[in-house]
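The values are calculated or read from the model by the stated rules, or taken from the named source; none is laboratory data. Computed from a predicted model, the values in this text were never measured in an experiment. Please note: Cβ atoms are built from the backbone with ideal geometry, for glycine as well, and neighbour counts cover all protein chains shown.
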Amino acid sequence: MNSQIPKRILPTIIFAQFAGTSLWFAGNAILNQLQHRWELPSDSLASVTSAVQFGFIAGTFLFALLSIADRFKPSRVFFICALLGAALNASIIILPPSYFVLLVARFFTGFFLAGIYPVGMKIASDWFGGKLGKALGFLVGALVLGTAFPHLLNHLGHSASWEQVLMGTSITASLGGLAILLFVGDGPHRKTGLKFSPSQFIKVFKDLDFRSAAFGYFGHMWELYAFWAFVPIMLRYYNLQHQELIHVSLWSFIIIASGGLASAFGGVWSIKHGSAKIAYRFLLISGICCLLSPLFFELPPFVFLAVLILWGMTVVGDSAQFSSLNAKTAPPAAVGTALTIAVSIGFLITIPSIQLLGYLDTIMATKWIFLVLLVGPIFGLIHTKKLIQP
C-alpha cells in the first residue's frame, strides 16, 4: 500500500507541519521588542508562553470532545485552523497595544494550533497507516523547526519591525494549510474513530505499560517547553555576565532547531534499538544537562554554545519516541482517548514549569533556575526504564 503513496505526500506534510507550528513561538521571538515598546512586565515571557499552552490544551480537549477531526475532513480542518491561527498571530499588529490583548491573541493562536499539530499527525497516519515508523521522527522534527523559525526571522529581520516577524510566520502558516488542502488531502486509511469519552480517563491509566509511557512523556514535557522558552534568557544572561555579543535570535534558532535533526535521527535509530531505549538515552543526557547547567555559564562562548546545542538536541530527541510509545501501549479500544489525555496532560504540565522558571528568574541568578527542570527527566527515566526490553 505504501508503494502507491505519491512521493509528495510526506514532504508536503512535513512542510505544512513546520509552517503551521511556526506560530507557536512567534510571540516569544518578538517579546524582547514588545517589552520595551509596550512596557510589558519583566516576567511576561512566562505568561505569554503559558497563554499559548493554555490555548492549545483548551483546543485539544474541545476538538476531541466534538470529534472534529473525525466528523470533518482532517485536511480541511488543518487548512481552516492554519488560516485562523495565522490571523490571530498577526492580529496584534492592528489591535491596540495592550498586554491583555497580547495574552488573548496568543491564547487563541494556541487554540487553533490544536487543529494543526495533532491533526497533522492524524493526516500522516491516515496516509501511512500503522507503518509511520521513522516518519514520525521527521514530523516532530518539523514541529521543532517550526518552533525555532520565528527566532530565525527575528534575526534575519533584526533591522525590521516585530510586525514583519509576525506577518512572516502568519504567511508561512497559511501556505502550510494551503499545501495540505491542495496537495495532500485525506489518506486511504482514514476511518471515523470513537468519540472522546471522559469516563475512560481512569481506565486508560490502569494499563501499566501505557502508564509508564505516559509518565515518561510527562517528565519529558516538564523540561521541554520551559527550556525552549528560556533559551533566549540563557543567552542574554551569558552576554551580560561575560560582556559577549552572542546573537540571541540566531543562536536561539540554532539551539532549538538542532532538536529537529535529533528527532529525525531518533526515529531512524528506533527501528534498530526500539523507542524506549532511544527515549531513555535522550532523556538521560538532557537530565545531565539540567544538573550541570549552572556550570555551563562559566564556559568559553564556543563551548557554552556547543553544550546548549547538545541540550537542544536531547531535550526533544525523545519526543517522537514517547509519542510512539504512547500509541503502542494505549488500550486498543481507547487509543484516541488515551492519546488525547496524554497530550493534554503533557501540555498542562508545561505551564507550571514555565511559570516556575519565570518566578525563579526574578529572585535568583539565571544560571541556577534550570536545576528545577531536573525533576522532569528523573521522573521520566524511572518510568521509561520499565518499558525497555531486557
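The set of residues in segment 286-309 being in contact (Cβ under 8 Å) with a residue 12 or more places away in the chain, more than 15 Å from LEU371 (Cβ to Cβ) and not aliphatic (A, V, I, L, M) consists of PRO301, PHE304. Of all residues in segment 345-373, those satisfying the criterion of being surrounded by 19 or more Cβ atoms within 10 Å (Cβ to Cβ) and more than 16 Å from ASP43 (Cβ to Cβ) are GLY346, PHE347, ILE349, THR350, PHE370, LEU373.
Quick test for you: out of PHE79, PHE72, pick the one residue that is without any contact (Cβ under 8 Å) to a residue 24 or more places away in the chain and among the aromatic types (Phe, Trp, Tyr). Walk me through how you get there before you give the answer.
On the way: PHE79 fails: without any contact (Cβ under 8 Å) to a residue 24 or more places away in the chain.
Criteria check complete, one pass: PHE72.
Per-residue answers, yes or no, for (1) aliphatic (A, V, I, L, M); (2) modelled with pLDDT under 90:
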residue: MET1; (1), (2): yes, yes
residue: GLN4; (1), (2): no, yes
residue: PHE15; (1), (2): no, no
residue: SER22; (1), (2): no, no
residue: ILE30; (1), (2): yes, yes
residue: PRO41; (1), (2): no, yes
residue: LEU45; (1), (2): yes, yes
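Quick check on ILE13: is it among the β-branched types (Val, Ile, Thr), over 20 Å from PRO118 (Cα atoms), in a helix (DSSP H, G or I) and in contact (Cβ under 8 Å) with a residue 60 or more places away in the chain? Break it down into steps so the answer makes sense when it comes.
Working: among the β-branched types (Val, Ile, Thr): yes; over 20 Å from PRO118 (Cα atoms): no; in a helix (DSSP H, G or I): yes; in contact (Cβ under 8 Å) with a residue 60 or more places away in the chain: yes.
No.
Among residues belonging to segment 237-278 that are farther than 19 Å from PRO301 by Cα and hydroxyl-bearing (Ser, Thr, Tyr), point out the one that is surrounded by the fewest Cβ atoms within 10 Å (Cβ to Cβ). So the residue we want is SER270.
When residues in segment 135-186 are screened for being within 27 Å of GLN321 (Cα to Cα) and assigned to a loop (DSSP other than H, G, I, E, B), 3 of them pass.
Regarding segment 87-96, can at least one residue be identified that is small (Gly, Ala, Ser), within 28 Å of ILE345 (Cβ to Cβ) and touching a Ser or Thr at 6+ places or on another chain (Cβ under 8 Å)? Within segment 87-96, none of the residues are small (Gly, Ala, Ser), within 28 Å of ILE345 (Cβ to Cβ) and touching a Ser or Thr at 6+ places or on another chain (Cβ under 8 Å). Exactly one residue out of ILE80, ILE57 is assigned by TED's automatic domain parsing to the domain that holds SER170 and farther than 15 Å from PHE107 by Cβ, and it is ILE80. Within this structure, GLY146 passes the test of being at pLDDT 85 or above, within 16 Å of the chain's Cα centre (by Cα) and under 30 Å from GLN33 (Cβ atoms).
Is there a residue in segment 152-159 that is assigned by TED's automatic domain parsing to the domain that holds THR49, surrounded by fewer than 21 Cβ atoms within 10 Å (Cβ to Cβ), modelled with pLDDT of 90 or more and among the aliphatic types (A, V, I, L, M)?
no
Here THR362 clears all of (1) touching a Ser or Thr at 6+ places or on another chain (Cβ under 8 Å); (2) modelled with pLDDT of 90 or more; (3) within 20 Å of VAL204 (Cβ to Cβ) except the condition numbered (3). Within segment 348-358, identify whether any single residue is at pLDDT below 95 and over 19 Å from the mean Cα position of the chain (by Cα), and answer yes or no. So far as segment 348-358 goes, no, none of its residues is at pLDDT below 95 and over 19 Å from the mean Cα position of the chain (by Cα). In summary, ILE246 fulfils each of the numbered conditions (1) touching a Pro at 6+ places or on another chain (Cβ under 9 Å); (2) more than 20 Å from GLN355 (Cα to Cα); (3) assigned to a helix (DSSP H, G or I) with the single exception of condition (3). Mind checking whether some residue in segment 326-334 is without any contact (Cβ under 8 Å) to a residue 40 or more places away in the chain and either buried (at least 20 other Cβ atoms within 10 Å of the Cβ) or not assigned by TED's automatic domain parsing to the domain that holds TYR217 (or both)? Within segment 326-334, one or more residues are without any contact (Cβ under 8 Å) to a residue 40 or more places away in the chain and either buried (at least 20 other Cβ atoms within 10 Å of the Cβ) or not assigned by TED's automatic domain parsing to the domain that holds TYR217 (or both).
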